[in-house]
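To keep things clear, I will list the structure first and then write my remarks on it.
Just so it is clear, none of the values below were taken in a lab; they were calculated from the coordinates. The shown structure was predicted, so the numbers you read here are calculated from the model rather than taken from an experiment. No Cβ is skipped: glycine too gets one built from the backbone with ideal geometry, and neighbour counts run over all protein chains shown.
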Amino acid sequence: MTKAELKSVFATFDKNGDGFITKQELRESFKNIRIFMTEKEVEEMVVKVDANGDGLVDFEEFCILCKATGVRDQGGDDEREGQVAGQDGGEGDLKEAFDVFDKDKDGLISVEELGLMLCSLGLKEGGRVQDCEEMIRKVDMDGDGMVNFDEFKKMMMRGGDKLVSVF
């Protein structure tokens with residue numbers, strides 16, 4: 001991912017746009033995709049990447065988290081850098097977030113891909129296949145056992161055009 005793509009994904013976590021992801025924003029983002037975390041679990045996740053110890057995740061710390069999850073920074077900023085966030089109603093941000101989960105780029109999030117991402121974030125649910133299958137089953141409208149972009153988008157959007165969360 002380019003820096004601009006990482007910034008776009010960061011913006012979906014940073015609900016109030018203040019440049020920081022709070023523990024509450026992180027917990028709410030996970031809750032929106034039906035991953036229920038205790039305050040202690042969120043705290044542990046933030047501590048792993050909170051380099052300056054302020055209890056918040058800034059963009060640089062977020063980049064560290066993305067590198068730990070296998071998201072690659074491909075160098076320079078792309079042409080989207082100067083665009084206003086949300087210009088496309090959030091769909092571009094959603095696609096970028098989807099692509100973070102879709103490791104093999106086949107257009108589907110499998111049980112394995114979901115598990116890998118959750119494990120890399122330090123979530124115990126990622127190590128339990130049954131938990132990952134259940135999460136996918138909740139949003140899998142076509143019954144193929146995987147989440148396509150349309151299913152992901154429906155899960156993440158509330159009220160037709162309001163971006164709820166990505167992670």
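In terms of distances greater than 26 angstrom between alpha carbons, the cross-link table entries 48/105; 67/138; 23/95; 103/154 yield 48/105; 67/138.
Computed from the C-beta positions of residue 38 and residue 119 and an R0 of 22 Å, the FRET efficiency is 0.80 to the nearest 0.05. On the basis of the beta-carbon distance and an R0 of 22 Å, residue 106 and residue 24 show a calculated FRET efficiency of 0.05. Calculated FRET efficiency, residue 138 to residue 4, Cβ-Cβ distance, R0 = 30 Å: about 0.45 to the nearest 0.05. Label-to-label distance for residue 95 and residue 64 is 3.2 nm, based on points extended 7 Å past Cα in the beta-carbon direction.
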